[in-house]
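What follows is a short report on a single structure.
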Amino acid sequence: MKKILLTGSNGLLGQKIVHLICSKYADRYELLATSKGENRISRKEGYRFLSMDISNPKDVAKVFEEFQPDYLLNTAAMTNVDACESDKEGCRSANIEAVKLLGEQAEKFKTHFIHLSTDFIFDGEDGPYRETDAPNPLSYYGWSKLEGEKLVESLNTKWAIARTIIVYGIAEKMSRSNIVLWAKSALEGGQELNIVNDQFRSPTLAEDLAEGCMQIIEKDAEGVFHLSGKDLMSIVDLVRRVAKYFNLDDSTINEISSSSLNQAAKRPPKTGFILDKAERELDYSPNSFEEGLKILEEQLQQS
C-alpha cells in the first residue's frame, strides 16, 4: 500500500479527493488527510485525519516523520485573490513559505510532491494556454502561486504541478462558496446581478480535478499539467448557463466590464487551458459544463 499525504482536506477539492480515494482507490492507497482545525468531512472511515498547519515547521516535520508518505498532494492555499492583495504576509505564508516547508520534508523522505496551482499565473492576453506558455501574473495571488511552482520545480525529488481554473462543486461545511453555487442561489432569490462580460474562464468540476490529481499519482507522472473544464466561456455566459440549466430567470443579470468593479487585484482577461497533454498522458477526460451541472444537481438533491 502506497501512502498519500493530503493537505487542505477540508476544502472543496480536498474533500473530493478523500471521497474518491475511499470509494475507488482504497485497496491501493493509505490516506492521511490533513487540514487546519478539525475534520469537516462526515465520513470518517477509510482514512486517517490529523490537524496540521502547513506553515508550522514542527507540525509539518512531525506528520512527515510519523507517516513517511510516498505522495504529497498539496491542495492547501490562500486562494481569495483580493484578500491576497490586502494580506500579502498571509498569502506569502500559505502559498510560498508553506510550500518550502513541505518541499524540504518531501526531499527528506523522497516523497513525490503534487502541487495545485492556477491559471492566474498567466496575464490572460493570449489564452487558452499550454503548459509551456510563459507565465506573467497580474496579481499578488498569481505571483505567489508562481513562486510556489518555482520552489516545487527546484526540488530534488519527484514533482508534478496541476494547474486549474475556477473549481466548482458541493462539499460539506465549506468556508467559501464557489461561483456556480453562488450564481444558482442568487438567481433563485431573484437578485439583481452585475456580472463581468470581459473575463473568460474554463470552470472545473471538483470531481474532474480530483480524478486528474489521482491519475498523476496512478501514473507516477512528473512535470506540469493543465487540468480544467473543457468549455471556455465568459463569466456572464457561465452565469447565464447556470440559469438556463436550472430553469431560472436570467433577466436580473446585468453585463458589466471588469474596470467598473474596482477590485483590489487585477484579473487576467482570458485564460482557459489546452488539455492535450493531460488527455494524452493522464487519460484526463473532464465533463462538459452542463454535464458538471447535472452531477452537481444530483448531489444537491441527495444532500
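The values are calculated or read from the model by the stated rules, or taken from the named source; none is laboratory data. Quick caveat: nothing in here was measured; it's all calculated off a predicted structure. Using ideal geometry, Cβ is built from the backbone for each residue, glycine included, and neighbour counts are taken over all protein chains shown.
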Suppose we keep only residues that are among the charged types (D, E, K, R) and surrounded by 13 or more Cβ atoms within 10 Å (Cβ to Cβ) within the range 264-289. Which one would you say is nearest to SER185 (Cα to Cα)? ARG267
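Residue-by-condition table, conditions (1) farther than 22 Å from LYS108 by Cβ; (2) touching a helix residue (DSSP H, G or I) at 6+ places or on another chain (Cβ under 9 Å):
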residue	(1), (2)
ILE17	yes, yes
GLY37	yes, no
PRO57	no, yes
CYS84	yes, yes
Free of Cβ contacts under 8 Å to residues at least 24 places away in the same chain, among the hydroxyl-bearing types (Ser, Thr, Tyr), within 30 Å of TYR71 (Cβ to Cβ) and not in a helix (DSSP H, G or I) - does that describe any residue in the range 194-215? no
Evaluate the following for LYS145: is it closer than 20 Å to SER9 by Cβ, touching a strand residue (DSSP E or B) at 6+ places or on another chain (Cβ under 7 Å) and among the charged types (D, E, K, R)? yes
Residue hits (the range 155-180; free of Cβ contacts under 8 Å to residues at least 24 places away in the same chain and either in a helix (DSSP H, G or I) or farther than 23 Å from ALA206 by Cβ (or both)) are none
Selection from the range 25-55 of residues that are free of Cβ contacts under 8 Å to residues at least 60 places away in the same chain, closer than 30 Å to SER93 by Cβ and of a type in the set (Gly, Ala, Ser): ALA33, SER35, GLY37, SER51, SER55
Let me spell it out: the conditions are (1) out of contact with any Cys (no Cβ under 9 Å at 6 or more places or on another chain); (2) at pLDDT 95 or above, and MET174 meets all of them except one. Which number is the exception? (2)
